[in-house]
Amino acid sequence: MATIRGESGAVQFDAAGSTNATIVGTRSWSLTVTKETLDTSVHGDTFRQFVGSMVSGSGTVELVYDPDATGQAGFLEDVVTTGDPADATFELFTTGTTSGTDSVSFAGIITDMEISSTVGELVVVSCSFITSGTITSNLE
Amino acid sequence: MAALNLNTVRATIEGRLATELANTPAIPVVFHNMPYEPTPNSSWVQCQTTFGASEYLTHGDTTDSRNRLFGLLTINIFSAPGVGPGANYVIGDRIRDLYNRVTVSGVFFDAPTGPEVLVSPSPEGYFQTQVRVTFESIEEL
C-alpha cells in the first residue's frame with residue numbers, strides 16, 4: 001500500500017497541445033469524471049435498467065500567483081482564447097511528472113479564471129476546465 | 001532554485017536594523033548570542049530573530065515547489081528609567097517604520113505590534129518596551 005500526499009502532485013499543460021510542461025506554483029487540482037446513463041427499461045420491467053453513455057469531465061486547478069513562474073501565464077491566459085478549438089492538453093498528476101504514470105490526461109478548455117487579492121493573504125488564481133474528447137486514466 | 005538560506009534572511013532583517021540604528025542618534029544594538037554590557041541609564045536595543053513554522057505552498061516535492069516559512073522578529077527597546085516613555089517611543093517609531101509592511105529581499109514583514117511596555121524589564125534598571133514583527137519568506141526549491 002502506498003498513500004500519496006497532495007504536495008506530490010503536479011499539473012502539466014500546453015495551450016497548443018504539443019508538449020505538456022509543468023506549471024510551477026499549482027497548489028491543488030481536482031477532476032470530476034461523469035458518465036451519463038441511458039434508461040433502457042422496457043414494458044414489463046419492474047426494475048429500471050440503464051446503460052452507460054457519454055463520459056465527460058470537469059475540474060479546477062488552483063495556483064499561487066507568480067507572473068514569473070514557468071507555465072502560469074500561458075495557463076491563465078488560455079481562458080481568453082476565442083473560438084477555442086479545445087486543442088489545449090492537460091495532465092494531472094497525483095505524484096511525480098512522468099507522463100502516463102499516476103495521472104489523468106485529456107484535451108480541454110479553460111472555462112473560468114478567477115484571481116483574487118486579499119489583504120494578508122497570497123494572491124491565488126483558480127481556473128475551471130472541462131474535458132473535450134478522450135480522458136485517459138493512468139491512476140492504476 | 002535552492003533551499004532558503006536562513007542566514008541570508010537573518011542578515012536581511014538584522015542588517016536593516018543595524019543600518020538604521022547607526023544613523024544619528026546612534027543606538028547600540030545587540031543580536032542573538034552576542035555578549036553586551038549596557039551602560040546604565042542609556043538607550044539600547046536587543047534584536048531577536050526566530051524562525052518558526054513552515055507550510056507547503058505548492059505542488060512539486062523537492063523540485064519546482066515552494067514553501068512558506070514564518071518567523072518572528074522581537075525587538076526590545078531599553079531606555080533610562082524614571083524619565084517617561086518619550087525617548088523610548090522615538091526609538092520605537094524608527095523601528096516600526098523600518099519594517100511596517102515592507103518587503104525586502106524576499107522577506108515580507110507584517111504590520112508591527114508595539115512598542116508594548118513590559119512591566120518587568122529584563123535586565124532590570126531600564127524602561128523596556130517591545131516591538132514584534134511577524135515575517136514570512138518564500139522558499140523556492
TODO: Once you have the Cα-Cα distance between A:Ser30 and A:Thr136, take 0.36 nm times their residue separation minus that, and quote the gain in nm to one decimal.
DONE: 36.6 nm
Open item on the list: Nearest 10 degrees is fine. How inclined is helix B:6-22 to the longest principal axis of chain B, computing both from alpha carbons?
Closed with: 30 degrees
TODO: For chain B, just the Cα atoms, rotate onto the principal axes and tell me the three extents in Å, largest first.
DONE: 57, 24, 23
TODO: Find how many whole Å separate the alpha carbon centroid of the stretch A:9-28 from the alpha carbon centroid of the stretch B:81-99.
DONE: 51 Å
TODO: Might you report the magnitude of the Cβ-based charge dipole of the stretch B:6-140 about its Cα centre, with Lys and Arg at +1 and Asp and Glu at -1, to the nearest 20 debye?
DONE: 280 debye
Task: Within-12-Å neighbourhood charge of A:Ala21 [Cβ basis; K, R +1; D, E -1] - done: -3
TODO: Let me have the 222 nm mean residue ellipticity of chain A computed from DSSP H runs of 4+ only, each contributing -39500 (n - 2.57), with the sum over all residues rounded to the nearest 500.
DONE: -500 deg cm²/dmol
TODO: Mind running the shape call on chain A? Use the C-alpha gyration tensor, a ≥ b ≥ c as the square roots of the eigenvalues: rounded below 1.5 for a/c, prolate if a/b tops b/c, oblate otherwise.
DONE: prolate
TODO: Could you calculate the contour length gain from B:Thr39 to B:Glu116, that is, 0.36 nm times the residue separation minus the distance between their Cα atoms, to one decimal place in nm?
DONE: 25.5 nm
Task: In Hz, Karplus ³J(HN,Hα) per residue of the stretch A:83-88 (6.51, -1.76, 1.60; θ = phi - 60°; x = Gly, Pro) - done: x, 4, x, 6, 8, 5
TODO: For helix B:86-99, report the angle its Cα long axis makes with the longest principal axis of the Cα atoms of chain B; keep it between 0 and 90° and round to the nearest 10°.
DONE: 10 degrees
TODO: Largest first and to the nearest Å, give the Cα extent of the protein assembly as shown along each principal axis.
DONE: 99, 45, 41
- [ ] For chain B, with a Gaussian network of springs between Cα atoms less than 10 Å apart, report the residue from B:Pro123, B:Pro38, B:Pro81 with the top mean-square fluctuation.
- [x] B:Pro123
TODO: Please identify, among B:Leu98, B:Leu57, B:Leu17, the residue showing maximal mean-square fluctuation in a Gaussian network model of chain B using a 10 angstrom Cα cutoff.
DONE: B:Leu57
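Of all beta bridges DSSP finds with both residues in the stretch B:6-140, what is the antiparallel percent, to the nearest 5?
In the stretch B:6-140, approximately 90 percent of DSSP beta bridges are antiparallel ones.
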Open item on the list: Could you tell me which residue out of B:Phe70, B:Cys47, B:Phe127 lies farthest along the dipole of chain B toward its positive end? Charges go on the beta carbon: Lys and Arg +1, Asp and Glu -1, centred on the Cα centre.
Closed with: B:Phe127
- [ ] Compute the signed sum of charges (Lys and Arg +1, Asp and Glu -1) over the other residues within less than 9 Å, Cβ to Cβ, of A:Val55.
- [x] 0
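Where a number appears in this text, it was derived from the coordinates with a stated rule and is not lab data. All of these numbers come straight from a predicted model, not from anything done at the bench. Using ideal geometry, Cβ is built from the backbone for each residue, glycine included, and neighbour counts are taken over all protein chains shown.
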